[in-house]
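Visitor: Sending over a structure as structure tokens; questions will come in a sec.
The values are calculated or read from the model by the stated rules, or taken from the named source; none is laboratory data. Quick caveat: nothing in here was measured; it's all calculated off a predicted structure. Cβ atoms come from the backbone with ideal geometry, glycine included; neighbour counts cover every protein chain shown. Ligands, DNA and RNA are excluded from the accessible area calculation, which covers all protein heavy atoms including side chains. Shrake-Rupley method; radii C 1.70, N 1.55, O 1.52, S 1.80 Å.
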Amino acid sequence: LGAQRSLRLALRNPDLTTSRRVALAINDFIGTPCATPEDPATVRINLPHNFNGNIVDLLTDIEQLVVQTDMPAKIVIDENSGLIVMGNDVRVSTVAVAQSNLTVSIAENPTVVQPEPFSNGETAVEPRTDLTVQTSDSNLALVRESVSLRELVDGLNALGIAPRDLIAILQAIKAAGALQADIEVM
């Protein structure tokens, strides 16, 4: 009987980016291209020659590797308790929201940066997002330029927006197509 020369690792949370990162981390650690992402849930590893057919030694070495997993942008909402949990990768596009006496405006105004003449620099587009929060009475709040949902929520919280109102605002932004995240209602 011949020794087993390959194995397949199954990812608990299938994701193509994570599968690729696992294969790259293994290849970098071993020093040879022995790992290949097959699909979002599987990484195939061909046993490198320096392990002399010992899969346990290989697994012992690679199980300690740290890999940055790819997290989908997601917001979890519990409407009964008013709980809102969001991931770091949640983003908001250009949108304006008015709720009672509250208006939220988000606008993207990218700027082009030109290098000096005859320099080795490259023309680049710099993102610039303006976020303004207004209430119809005398309170006016300006939140720094940002595209992150966290800063939008921080600005709304500073105005004392109740969690249930915030949930309604987030769902409306999602319905308008301006929220780059999945919303999961518990």
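Visitor: I'm told residue 147 meets every condition in (1) modelled with pLDDT under 75; (2) hydrophobic (A, V, I, L, M, F, W, C); (3) more than 30 Å from residue 13 (Cα to Cα) except one. Can you identify the failing condition by its number?
Guide: Of the numbered conditions (1) modelled with pLDDT under 75; (2) hydrophobic (A, V, I, L, M, F, W, C); (3) more than 30 Å from residue 13 (Cα to Cα), the odd one out for residue 147 is (3).
Visitor: If you go through the stretch 30-64, how many residues are of a type in the set (A, V, I, L, M, F, W, C) and exposed (fewer than 13 other Cβ atoms within 10 Å of the Cβ)? Give the derivation first.
Guide: Going through the stretch 30-64, the residues of a type in the set (A, V, I, L, M, F, W, C) turn out to be 30, 34-35, 41, 43, 45, 47, 51, 55-56, 58-59, 62.
Filter once more, keeping what is exposed (fewer than 13 other Cβ atoms within 10 Å of the Cβ): 56.
Going through the stretch 30-64 one residue at a time, the tally reaches 1.
Visitor: List, please: which pairs have Cβ atoms under 6 Å, are six or more places apart or on different chains, and start with a residue in the stretch 110-136 that is farther than 30 Å from residue 161 by Cβ and open to solvent by 90 Å² or more (accessible area, probe 1.4 Å) and end with one that is at pLDDT 70 or above and not in a strand (DSSP E or B)?
Guide: Hits for this filter: 114/123; 125/110.
Visitor: So which residues in the stretch 71-86 are part of a loop (DSSP other than H, G, I, E, B) and open to solvent by less than 30 Å² (accessible area, probe 1.4 Å)?
Guide: Listed by number, the residues that qualify are 73, 82.
Visitor: I need every pair where a residue in the stretch 23-52 that is within 14 Å of residue 7 (Cα to Cα) and touching a residue at least 40 places away in the same chain (Cβ under 8 Å) has its Cβ under 7 Å from the Cβ of a residue that is in a loop (DSSP other than H, G, I, E, B) and of a type outside the set (Ser, Thr, Tyr), sequence separation at least 6 or different chains.
Guide: 46/5; 46/34; 47/5; 47/53
Visitor: I'd like the full set of residues that are more than 20 Å from the chain's Cα centre (by Cα) and small (Gly, Ala, Ser), limited to the stretch 26-54.
Guide: If the condition is that a residue be more than 20 Å from the chain's Cα centre (by Cα) and small (Gly, Ala, Ser), then 31, 35, 53 are the ones that fit.
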